[in-house]
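Worksheet for the structure shown next.
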Ligand SMILES: Cc1cc2nc3c(=O)[nH]c(=O)nc-3n(C[C@H](O)[C@H](O)[C@H](O)COP(=O)(O)OP(=O)(O)OC[C@H]3O[C@@H](n4cnc5c(N)ncnc54)[C@H](O)[C@@H]3O)c2cc1C
C-alpha cells in the first residue's frame, strides 16, 4: 500500500514525487515510456529558469536523479485502469501488477496524434516516426514524407532537408507518396487520458477537467501537467502543477 501513486514520470509527475517524498509519504511513480516524458527528445530548451540553454534529456535527468535520491519508487509499467477500492483509496492496475494507494496523481501528459485510418493504411509497413531529431538520421540520402501543416511540421521538414534525399510535405488525409521510405507525423498532440475516462471528468478534447488547484471531479484523484485543462502547456506550468497536486494530495491524506 502506497500513500500516493503518480501516473507518468514526465516533469509534472517527477516534481509531484519530489514534493510528496519530502513530506515523508510513500510514493510509487509508474511510467510506460521514458522517464522525463515528452521533453526528453528536445535538443534545446531556452526558457527553463536557471538555465540559459539546456537539453531536455539533461534537465529531466537531473530531476529524476533528485526524485530517486529522495526515495520515490519508479516502475516502468503502463497503467491500464484505476478504480476506487471498497475501503477507501484506489487500486491501480498495470500491465504487470496491481497497487493499492490512498491518493492518485494523474500526470500522463500528451502523446502524438496518430495518422488517420486512411493514411495509416497508405503507410503500410513503412516506419512511422513522431520525432525527426530522434529518427531522421536513419533515412540519410533517402526520400521521406512529413505529414502536418503546423509549426512542428515546418520544423521537422527543415531538419530532415539536411539529411534526406527528398522531403515530401503533405497534409492530413492526403495520399502518402509511394517512394517515401519513412513517414514523419507532426499533426499535434492529444491527452493520454483514455484510461481515466470512467474515473474523472474529461473535457471534449480528453483533458482532465481541473483548475489551478489540480483537483479532479473524483476526491483523492489529482492531476498535474499537460493532461489538465489549462491555457499554457509548458515545462514551468507542469512543474508548478506537480507541486500543487502533491500539496493537495497531502492535505487529502491528512
Ligand atoms: C518537441 C517539444 C519541445 C518542447 N519544448 C519546450 C520548451 O522549450 N519549453 C517548454 O517549456 N516546454 C516545451 N515543450 C512542452 C513540454 O515538453 C511539456 O509542457 C511538458 O514536458 C509536459 O510535462 P508533463 O509531465 O505534463 O507530461 P509528459 O512530459 O507528456 O509526461 C507524461 C508521461 O506520462 C507517461 N504516461 C502516459 N500514459 C501513461 C500510462 N497509462 N501509464 C504510465 N505512464 C504513462 C508518458 O509516457 C510520459 O512519460 C516541448 C514539447 C515538445 C514535444
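General observations
- Here region 1-141 is described by how far its Cα atoms reach on the three principal axes: 58, 41, 20 Å, from widest to narrowest.
- Simple label model, 7 Å out from Cα along Cβ direction - residue 169 to residue 46, nm: 2.0
- Angle in degrees between helix 11-22 and the longest Cα principal axis of the chain, rounded to the nearest 10: 20
- Of 12, 192, 23, the residue with the greatest mean-square motion in the GNM of the chain, using alpha carbon springs below 10 Å, is 23.
- The chain: most fluctuating residue of 164, 153, 52 per GNM, C-alpha cutoff 10 Å: 52
- Order of 158, 25 - criterion: other Cβ atoms within 10 Å of each residue's Cβ, fewest first: 158, 25
- Among 232, 92, the order by Cβ neighbours within 10 angstrom, fewest to most, reads 232, 92.
- Which of 200, 190 has the fewest Cβ neighbours within 10 Å, and the rest in rising order: 190, 200
- Rounded if a/c under 1.5, otherwise prolate or oblate - the chain, Cα gyration tensor axes: prolate
- Between the Cα long axis of helix 235-253 and the first principal axis of the chain there is an angle of about 30°, rounded to the nearest 10.
- GNM flexibility winner over the chain from 15, 110, 94 (Cα, springs under 10 Å): 94
- Modelled this way, with points 7 Å down the Cα-to-C-beta line, the labels at residue 86 and residue 252 are 2.2 nm from one another.
Where a number appears in this text, it was derived from the coordinates with a stated rule and is not lab data. This structure is a prediction, so every number in the text was calculated from the model and none was measured. Here the Cβ is made from the backbone with ideal geometry for all residues, glycine too, and neighbour counts use every protein chain on show.
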